[in-house]
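What follows draws every value from the coordinates through simple rules; no lab data is involved. Source: prediction; values computed, not measured. Here Cβ is always computed from backbone atoms with ideal geometry, including for glycine, and neighbour counts include all displayed protein chains.
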Amino acid sequence: MRVPYSWLREYCDPGMEPAKLADRLVMTGTEVERLDRVGPPSAEGFVVGKVVKAEKHPKADRLSACLVDTGDGERPIVCGAPNVATGQTVAVALPGARMPNGEKLRKAKLRGIPSEGMILAADELEIGDDHEGIIVLDDRLGAGTPLGEVLPLGEPVLEIEVTPNRTDCFGVHGVAREIHAITGAELAADPWAEDAPVEGAGEASDYASVTVDVPELCQRFTARVFTDVSIGPSPLWLQARLAAAGQRPINNVVDITNYVMLLTAQPLHAFDLDKVPDGALFVRTAEEGEKMTTLDDVERSFDAETVLVCDENGPSGIAGIMGGQVSEVSEGTTRVLLEVANWNGTNVLRTSRLLGLRSEASSRFEKQLHPELTMRAQRIASRLMVELCGANLVPGTIDVAAAPPPPRRLILRAERVEGLLGMFISQADQKTYLERLGFEVQEAGDDLEVVVPPDRYYDVTREVDLIEEVARVHGIDEHLPTTLPAVGGAVGGLSREQRLRRRAEDGLRDLGFDQVVGWSFTDPGLPERLRIPADDPRAKLVLLANPLSEDQSTMRTLLLGSLLDIVARNTARGAGKLALFEAGATYLNQPPQEGEFAGKQAAPFAEPLRLGAIALGSLVEPSWRGEGEPADFFSLKGVLEGLAAQLGVELHFAPGQEPFLHPGRAAAVSIGAAAAGWLGEVHPLVCRAWDVDAAVAFELDLAPLLGAATVGEERYEDVTTFPGVYQDLAVVVPAETPAAEVRAAVMAGGGELLRAAEVFDLYEGEQLGEGRKSLALNLEFRADDRTLTDEEVAERREAIKAKLDEIGGSLRE
């Protein structure tokens, strides 16, 4: 919302510089994104001039040689506008004036004739976009009058980021009331207090009629009729205000509707009454597939839930969003039907998203406006139609309304205010603050009885909302005392799960990985890019009710997509090697398992926390020997085993399959008998979808990983002085037997005397036979109370051999 400062001061002059006011608004809850300036940086050098003489340039057909009185004498100015003429009162920039682009105007010669200034068009002052002709001012203005007294030059503009609940601040008057509340500066009378004079013949109902078939979607529809309307350009002051507020001036009728919307936050729409058959309008839902061409010259198709404003021949406008070309106000319009209606915000938002069409009107209606605002806008617009268009207002207002929302009455308890804020605010101050904001307030003992005004009806619904209003106007930054929370003897701390999660994150950082935080939002096409089949639970995405965009309209079911997004972004900027991890939530469209968080939806969804990592390029720092090998399955498996060792968890790996992993280079990870996640090289087709050469990744559920952690449960034992016995063992097993299964059999056979068994070699060859492989393991035998004998070790080797027999293995001689 762009708020021109001069327009704001018309209703409330805070008596402070715009920058200081912006800071004050920010500190009281109204976010000012930036302070802009429209037009030249200074009004110096801009004056009113009188064209004494205008003749055709002798050497240029499209130029005019003018003599202009600028108050300090007459000066020659060459002008290219086709409408310049003798006797006009014009806007002039003198040599030395700085134009809006910062350029300093200088004397010049154009085709041999000197030019000591510039006769200005509207776009050259940034008060409009018209460059077809110069600005023609009121003849009553004297030559030499500073132009800044006539037009807003160097207009400061507050660009406000309006929060969805503050629909009142979508209007200049609402912002003015806010400034009145936080500064105490006087607020001018409400601009809708005075209505337009009635001059037309008959009644409005003689000219038009309105039928509302869906009162639940259109709570109020008001319409007024104007005759003898003269269409033309708006006066300069109106064009300047619209331009500064970011609206393009079109003609006086359309400009009035935009001006009143920007003033009151209530959108309006003007119909050419002669283009509405019999003046009859109907509000209904569309027929499936019904079409209409909107004002932006696009033919749009509607579904059965879209609300339309129609005439007898079909749709004439999309309710709350945009009008249609069929009844557009044009240069030939002489009769206008002015609509100011109230629409269901949820329906407007839905239709706007469905059509991909967003307008200034829809951005206000979708936040839900109060029906009472309609007549405020009607009164202001009617007055301007009479004043600026020479129109006659036909008596009466067509007003089709459902039952209005009941008044919202709230009790503000003094003890609750002090208890919640931790500071005392007198009842008189509370009453003053709320009255400044437009609330009706009556004292009720120590408490206050408050009636919420229409423009805050859907924002302030509870006592705590009133307390918030009182607190921010009082000044939280200035008056709220700094105190420590009253927690008694309680001491804060982390839960075991939180400590272990931090331990895991620290462990991955120690292993050379950088932590990232990816978007939990993702696009609906993510499962397809990850090659996840439709029947996989991870393809059934949780949909957002109010997404930021289509690309962020669902919740992720894996961390891998977020990690690949970050990898793609970094590699596109020249990163050759990356080692990244993320610990965060995923969202599965299924009932949560025990211990998982359930989202607050009608159909609960699971929100498991997961730990994921991805690597590409070498995991070691380059040296004079070279860059090192790129990360592969085994290097990332080593990282995962290192992390598990830090947590005191034993992981088990088995051949696995995931649609997004390379076949034959993937493993399923388990902890005990529970599935915990996956590890593998990312499938080449998935890498191609993200424009990544190659990557390797893993992802684990944090719940089983942290649940099995033994960190903090360590047992300490004496360092034994008895030597160990170290032996190597070669085991021949079927090729499909996992190394983990072989190691488990060896450990089981070795019993308590076998302290460790590590695989260090793999051999496959013809002499082993087809479908066989040999694994070499290093064994460590040790006892705490004695030196082991050869017989004891031999007995354990025999037991190991027996266990290997059970899995189809044998010792290689």
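Could you tell me how many degrees, from 0 to 90 and to the nearest 10, lie between the Cα long axis of helix 463-474 and the main elongation axis, the longest principal axis, of the Cα atoms of the chain? Taking the Cα atoms of the chain, the angle to 463-474 is about 70 degrees.
What is the Cα radius of gyration of segment 257-350 over 2.2 N^0.38 Å, N being its residue count?
Against the empirical 2.2 N^0.38 Å value, I get 1.05 for segment 257-350.
An oblate overall shape is assigned to segment 267-411, the ratio a/c of its alpha-carbon gyration tensor axes (a ≥ b ≥ c) being 1.5 or greater and a/b not exceeding b/c. For the pair segment 686-750 and segment 496-537, the centres of their Cα atoms are 22 angstrom apart. A dipole drawn for the chain from +1 and -1 charges on Cβ atoms has a positive end, and of THR397, VAL136, MET747 the residue lying farthest that way is VAL136. Summing +1 for each Lys or Arg and -1 for each Asp or Glu among the other residues whose beta-carbon sits under 9 angstrom from that of SER562 gives -1.
Listed values for segment 728-739 are Karplus-derived 3J(HN,Hα) couplings in whole Hz (6.51 cos²θ - 1.76 cosθ + 1.60, θ = phi - 60°), namely 9, 9, 10, 10, 9, 9, x, 4, 7, 6, x, 4, and x replaces Gly and Pro. Couplings 3J(HN,Hα) of segment 690-702, computed from phi: 9, 6, 10, 5, 7, 7, 10, 8, 9, 8, 10, 6, 6 Hz, in residue order, whole Hz [Karplus 6.51 cos²θ - 1.76 cosθ + 1.60, θ = phi - 60°; x for Gly and Pro].
Here's how it looks for THR293: its modeled amide H is under 5 Å from those of ARG300, GLN325, which are all 5 or more places away or on a different chain.
Note on LYS59: aspartates and glutamates with a C-alpha under 19 Å away, same-chain residues under 8 apart excluded, are GLU116. For LYS50, a cut-off of 20 angstrom between C-alpha atoms picks up these lysines, skipping any fewer than 8 places away in its own chain: LYS107. With angles folded into 0 to 90 degrees, how steeply does helix 18-27 sit against the dominant principal axis of the chain? Use alpha carbons for both and round to 10. Once rounded, one gets 50 degrees. Across the chain, Cα pairs under 8 Å and at least six residues apart give a relative contact order of 8 percent. Reported to the nearest whole Å, the Cα centre-to-centre distance from segment 169-212 to segment 563-592 is 52.
When the chain is fully extended, how far beyond the present Cα-Cα distance does ASN101 get from ASP23, taking 0.36 nm per residue of separation?
So the extension gain works out to 25.4 nm.
With a cut-off of 15 Å between beta carbons, the residues surrounding ALA201 carry a summed charge of -2, where Lys and Arg count +1 and Asp and Glu -1.
Within segment 343-372, find all residues whose amide N lies under 20 Å from a label point positioned 7 Å from the Cα of GLU299 along Cα-to-beta-carbon. Once the point is set 7 Å along Cα→Cβ of GLU299, 355-357 turn out to lie under 20 Å by backbone N, inside segment 343-372. For ARG408, the residues whose modelled amide H falls within less than 5 Å of its own, excluding neighbours fewer than 5 places apart on the same chain, are VAL452. Extension gain for the segment ASP36 to VAL711, taken as residue separation times 0.36 nm less the Cα-Cα distance, is 237.3 nm to one decimal. With a simple spin-label model that places each label point 7 Å from the Cα along the Cα-to-Cβ direction, the separation between THR787 and PHE722 comes to 1.2 nm. Rounded to the nearest 20 debye, the dipole magnitude of the chain is 1700 debye, with +1 charges on Lys and Arg beta carbons, -1 on Asp and Glu beta carbons, and the Cα centre as origin.
Dividing the alpha-carbon radius of gyration of the chain by 2.2 N^0.38 Å (N being the number of residues), what value is obtained?
On the way: Rg = 38.4 Å, N = 813, 2.2 N^0.38 = 28.1 Å.
Ratio of Cα Rg to 2.2 N^0.38 Å: 1.37.
A crude spin-label estimate for the pair ASP138 and ASP72, with each label 7 Å from Cα along the Cβ direction, gives 2.6 nm.
Toward the positive end of the charge dipole of segment 21-75, with +1 on the Cβ of Lys and Arg and -1 on the Cβ of Asp and Glu, the farthest Cα among PRO58, PRO41, THR30 is that of PRO58.
Straight-distance candidates among the lysines for linking to LYS801, with alpha-carbon spacing under 22 Å and chain neighbours fewer than 8 residues away dropped: LYS773.
Take every Cα pair under 8 Å whose residues are at least 6 apart in sequence, average their separation, divide by the length of segment 1-86, and the relative contact order is 17 percent. About the centre of its Cα atoms, segment 161-259 shows a dipole size close to 400 debye [charges on the beta carbon of Lys, Arg (+1) and Asp, Glu (-1) only; nearest 20 debye].
What the Cα atoms of segment 698-805 give is an Rg and a Dmax of 17.0, 49 Å. Principal-axis analysis of the Cα atoms of the chain puts helix 172-183 at an angle of about 80° to the longest axis.
Set the Förster radius R0 to 41 Å, insert the Cβ-Cβ distance between SER330 and THR86 as r into 1/(1 + (r/R0)^6), and round the FRET efficiency to 0.05. Could you put the intermediate results ahead of the total?
On the way: r = 32 Å, r/R0 = 0.79.
E(calc), rounded to 0.05, equals 0.80.
Only four residue types carry charge here, +1 at the Cβ of Lys and Arg and -1 at the Cβ of Asp and Glu. Report the dipole size of segment 743-794 about the Cα centre in Debye, rounded to the nearest 20.
Values: 6 positive and 12 negative charges, 33 e Å.
Result for segment 743-794 is approximately 160 debye, rounded to the nearest 20.
Based on the Kirkwood approach, the hydrodynamic radius assigned to segment 363-450 is 16.9 Å, with every pair of different Cα atoms included. Backbone amide hydrogens, once placed in the peptide plane, bring GLU440 within less than 5 Å of VAL451, excluding anything fewer than 5 places away on its chain.
To one decimal place, what orientation-averaged projected area in nm² is obtained for the convex hull of the Cα set of segment 133-287?
14.4 nm²
Label-to-label distance for GLU418 and ALA739 is 7.3 nm, based on points extended 7 Å past Cα in the beta-carbon direction.
Tell me, what is the percent relative contact order of segment 659-813, built from C-alpha pairs under 8 Å that lie six or more residues apart?
In percent, rounded to a whole number, it is 22.
The string of couplings for segment 749-756 from the Karplus curve (6.51, -1.76, 1.60, θ = phi - 60°) is x, x, x, 5, 6, 8, 7, 8 Hz, one whole number per residue in order, with x for Gly and Pro.
Each other residue within a Cβ distance under 15 Å of LYS109 adds +1 if Lys or Arg and -1 if Asp or Glu, for a net charge of +4.
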